[in-house]
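What follows is a set of notes on a single structure, which appears directly below.
What follows draws every value from the coordinates through simple rules; no lab data is involved. None of these values were measured; they are calculated from a predicted model. With ideal geometry, Cβ positions are generated from the backbone for all residues, glycine too; neighbour counts draw on all protein chains shown.
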Amino acid sequence: MNNSIAQDLKLIYVGDPMCSWCYGISENLDALKKHYDDTLDFEIVLGGLRPYNTETMSDLKDFLTHHWEDVHKASGLPFTYGILDNDQITYDTEPPSRATVIVRSVDPAKAFIFFKEVQKAFYVDNKNMHNATSYHPILDKIGFDKKFFDEAFESPMMKELVKADFARSAKLGVTSFPTLVLQVGDKYVVVAKGYVATDQMIATIDKAL
């Protein structure tokens, strides 16, 4: 691939931290991102799976259990199911999406790393991602200012910025997550819609270049 051509190319990943299939494809995307690290920019857009949802985890236990088991079978990634019995935590995916926007707004290079760590915190450690303190161990790990994050997490500006991501996802025509799109100038090529193996994504991208 010619590096001069790659300057006009970008991989756009549209996902949600509390989308189980986004968690399932995370290692595949990590490998893909590293494969094109020197030639393609990588941008993460928060799609908004169930923003502002008021159903509790226990309300959705049967539905989510089925999906989580399917993702585990496909990806081999671990899940902890205890949070599905919680009738106090709502399945509102806006807060972790907002958290990712905060990190991306300061350091775009750390956004995907943060996104993956949030997934682990939710799916493996069963943390309540509505609480700013749930992100503190991740922020320490990536070297991000916790005080700044806590203030930004409650700020009206960040709540509006994440809405802008949801709107951009819709403008891109994304209807399900995860979706990976290759931007080539003003054209967009769908690389993945749902769980796709790394080799298959690479083949699609290379064909489009």
Practice task
Taking a cut-off of 19 Å between Cα atoms, list the lysines near LYS147, but don't count ones fewer than 8 places away on the same chain.
Solution key: LYS110, LYS159
Exercise for the section: Express the relative contact order of the stretch 3-208 as a whole percentage, based on alpha carbon pairs under 8 Å and six or more residues apart in sequence. Expected result: 31 percent
Exercise for the section: Would you compute, from DSSP H runs of 4+ residues alone, the mean residue ellipticity of the chain at 222 nm, taking -39500 (n - 2.57) per run and dividing by the full residue count, rounded to the nearest 500? Expected result: -14500 deg cm²/dmol
Exercise for the section: For the chain, compute Rh as the Kirkwood radius over C-alpha pairs and then the Stokes-Einstein diffusion coefficient at 37 °C and 0.692 mPa s; write the answer in µm²/s, rounded to an integer. Expected result: 187 µm²/s
Completion exercise
For ASP41 and ASP107, extending 7 Å from Cα along the Cα-Cβ vector and measuring point to point gives, in nm, a value of 2.0 nm
Problem - Shape metrics for the stretch 67-137, restricted to C-alpha atoms - Rg then Dmax, Å - result: 12.9, 36
Completion exercise
Least to most buried among ARG104, ARG168, ARG98, by other C-beta atoms within 10 Å and fewest first, runs ARG168, ARG104, ARG98
Fill in the blank from the handout: Check: C-alpha center the stretch 114-150 vs C-alpha center the stretch 1-79, spacing in Å is 17 Å
Handout entry: Percent antiparallel among DSSP beta bridges (both partners in the stretch 3-208, rounded to 5)
Key = 70 percent
Exercise for the section: Determine which lysines satisfy two conditions relative to LYS73: a Cα distance under 28 Å, and not lying fewer than 8 residues away in the same chain. Expected result: LYS33, LYS34, LYS61, LYS116, LYS120, LYS127, LYS193
